[in-house]
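Encoded as structure tokens, the structure appears first; notes follow it.
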Amino acid sequence: MTASTLAQWMLQSNSTVILTGAGMSTESGIPDFRSRTGWWKNIDPRTVASVESLQQNYELFREFYQMRIQSLTDCQPHHGHEILASWEARGLLTLIATQNVDRFHQQTGNEAVAELHGNIVTIRCQSCGKPLPLGHFMDNAVCTYCKGKLRPNVVLFGETLPQEAWNRSLREIQGADLVIVIGTSLEVYPVNQLPAMSKGRLVYINLDVAGNSHHFDLLIQGTAGEVLAEVDNYLQGTMAE
Ligand code: OAD
């Protein structure tokens, strides 16, 4: 019932934006942040994912991101990511605005992606800003140009979001007929402000839809992979008729 409603809304919409969070990738084996098994249940983000940790506790900072980058090599995008890529190819999606740093949306073929929190697969020097190969970071190297500290292009606590990704997400969400929010707790500012910027219909897909204080027109409880597959089934049936 709810999946079929979403499929209908997608077919009626001239502009649909998807906003994803870590729950989009848990079915690929990547932990989220705030669930029972999430990263921030065991580690205080200030000690490994903040500007202070980069400046004052670099070894721990580097170890944390090396571990996350390394664990990505054992994980792959799942069927839900593939469905989102097929929706873009079929003209059903305007943009994926994502908080995820794994690049899985791009890996499965989505081209219209705004990385609101950057990514952990590209590296730059914290001092001179020059890009460097991922391998240098994994090998504990310093910047080849200025001997500065290397870091992933991820947004740390205490940093502002990439301007272009933010502006693009805001613009598309403001103009969207439909915004589908998948697998995010919406606890993190400023991304959690984005859904309310839309005048269109708002849909929330999450394992846990209870206790969400944001206003949504439709709540769908379930895993991202299962729900997207169900919606896609309705779309395929309707579009084939
Ligand atoms: P959270 O861990 O805060 O929220 C993940 C949400 O996904 C929770 O509401 C879960 O219930 C839900 N979830 C988990 N598995 C799911 C599944 N298979 N299907 C559907 N829903 C599922 O992660 P985010 O909201 O993405 O920032 O966190 C936002 C930011 O906080 C992250 O981008 C990260 C973190 O600090 C940075 O690293 C800059």
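The values are calculated or read from the model by the stated rules, or taken from the named source; none is laboratory data. Please read all numbers here as calculations on a predicted model, not as lab measurements. Here the Cβ is made from the backbone with ideal geometry for all residues, glycine too, and neighbour counts use every protein chain on show.
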| message | I'm checking my understanding of the structure. Among residues of the range 1-52 that are polar (S, T, N, Q) and assigned to a strand (DSSP E or B), which one is farthest from C75 (Cα to Cα)? | response | T16
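Just give me the residues in the range 7-37 being within 14 Å of the ligand (Cβ to nearest atom) and surrounded by 21 or more Cβ atoms within 10 Å (Cβ to Cβ), in sequence order. Give the derivation first.
Of the residues in the range 7-37, the ones within 14 Å of the ligand (Cβ to nearest atom) are 18-37.
Across the range 7-37, the qualifying residues are I18, L19, T20, G21, A22, G23, M24, S25, D32.
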| message | Here is a list: N100, N140, N192. Which entry is at positive phi and not acidic (D, E)? | response | N140
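Looking only at the range 60-105, count every residue that is of a type in the set (S, T, Y), outside any helix (DSSP H, G or I) and more than 24 Å from E164 (Cα to Cα) and tell me the total. I'd like the intermediate steps shown before the answer.
Just the residues of the range 60-105 that are of a type in the set (S, T, Y), to begin with: 65, 71, 73, 86, 94, 98.
When the remaining residues are screened for being outside any helix (DSSP H, G or I), the result is 73, 94, 98.
Now narrow it down to the ones that are more than 24 Å from E164 (Cα to Cα): 73.
Qualifying residue count, the range 60-105: 1.
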| query | In the range 48-105, which residues are of a type in the set (D, E, K, R), crowded, with 19+ Cβ neighbours inside 10 Å and touching a residue at least 40 places away in the same chain (Cβ under 8 Å)? | reply | R62, R68, D102
| Which pairs do you get when a residue that is under 26 Å from L11 (Cα atoms) and at pLDDT 95 or above, found in the range 180-193, comes within reach of a residue that is in a strand (DSSP E or B) and of a type in the set (A, V, I, L, M), reach meaning Cβ atoms under 6 angstrom, with the pair 6+ apart or on two chains? | I180/I18; I180/V203; V181/L19; I182/I205
